[in-house]
Amino acid sequence: MKINKIHHVAIICSNYEASKKFYVDIVKFSIINETYRRDRDSYKLDLKVSEHDTLELFSFPYPPQRPSKPEACGLRHLAFEVENIEENVDYLISKGVDVESIRVDPITGKKFTFFKDPDHLPLEIYEM
């Protein structure tokens with residue numbers, strides 16, 4: 001088996017409109033396609049993260065809550081690369097997003113921090 005790259009990341013949200021607003025209006029991902037799937041009473045929103053990266057946002061009626069903090073088995077967090085972490089933190093705060101203090105990765109020496117989406121999914125920005 002030979003994997004070329006990650007094709008997309010999928011997220012299930014509890015409030016489609018709130019999550020769509022967060023990822024499109026605040027995080028600034030652009031919409032590729034939005035589909036309402038009547039048979040599932042579900043939206044699927046394809047978002048462009050960067051030139052080659054996409055995120056799929058799904059809504060389903062009454063999805064279960066995330067079981068615990070990021071240290072539970074499964075997906076821990078999503079990390080996005082940024083050029084200037086301070087500028088991005090200031091922007092998120094100006095939009096009312098709570099952001100943790102900037103830290104330095106002891107292995108790489110790079111700056112990073114975390115914030116959460118409307119469903120409390122931990123998101124990281126990592127300065128390159």
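The values are calculated or read from the model by the stated rules, or taken from the named source; none is laboratory data. Fair warning: this is a prediction, and the values are worked out from it, not measured in the lab. Note: ideal-geometry Cβ built from the backbone for every residue, glycine included; neighbour counts use all protein chains shown.
Brief remarks follow.
- Selection within segment 40-56 - in contact with a Phe, Trp or Tyr (Cβ under 6 Å, 6 or more places away or on another chain) and under 16 Å from Tyr16 (Cα atoms): Ser42, Tyr43, Lys44, Leu47
- In the set Ile107, Ile93, only one residue is of a type in the set (Val, Ile, Thr) and not in a loop (DSSP other than H, G, I, E, B); that residue is Ile93.
- Cross-chain or 6+ apart pairs with Cβ under 7 Å, segment 70-82 first and of a type in the set (Lys, Arg), then modelled with pLDDT under 95: Arg76/Pro70
- Matching option when the condition is touching a Leu at 6+ places or on another chain (Cβ under 9 Å) and among the hydroxyl-bearing types (Ser, Thr, Tyr), among Ser30, Ser42: Ser30
- Within segment 17-30, the presence of at least one residue that is without any contact (Cβ under 8 Å) to a residue 60 or more places away in the chain, of a type in the set (Lys, Arg) and on the phi > 0 side of the Ramachandran plot is confirmed.
- Consider segment 110-128 and keep the residues that are assigned to a strand (DSSP E or B) and without any contact (Cβ under 8 Å) to a residue 40 or more places away in the chain. The one that is farthest from Tyr16 (Cα to Cα) is Lys111.
- Segment 98-121, subset closer than 20 Å to Ser50 by Cβ and not polar (S, T, N, Q), residue surrounded by the fewest Cβ atoms within 10 Å (Cβ to Cβ): Lys110
- Within segment 1-30, restricting attention to residues that are farther than 25 Å from Asp98 by Cβ and among the hydrophobic types (A, V, I, L, M, F, W, C), the residue that is farthest from the chain's Cα centre (by Cα) is Met1.
- Test: residue in segment 59-80 that is of a type in the set (Lys, Arg), over 14 Å from the mean Cα position of the chain (by Cα) and at pLDDT 95 or above: no
- Number of residues in segment 1-36 that are modelled with pLDDT of 95 or more and assigned to a loop (DSSP other than H, G, I, E, B): the value is 3.
- Residue match in segment 37-50 (condition: of a type in the set (D, E, K, R), at pLDDT below 95 and part of a loop (DSSP other than H, G, I, E, B)): yes
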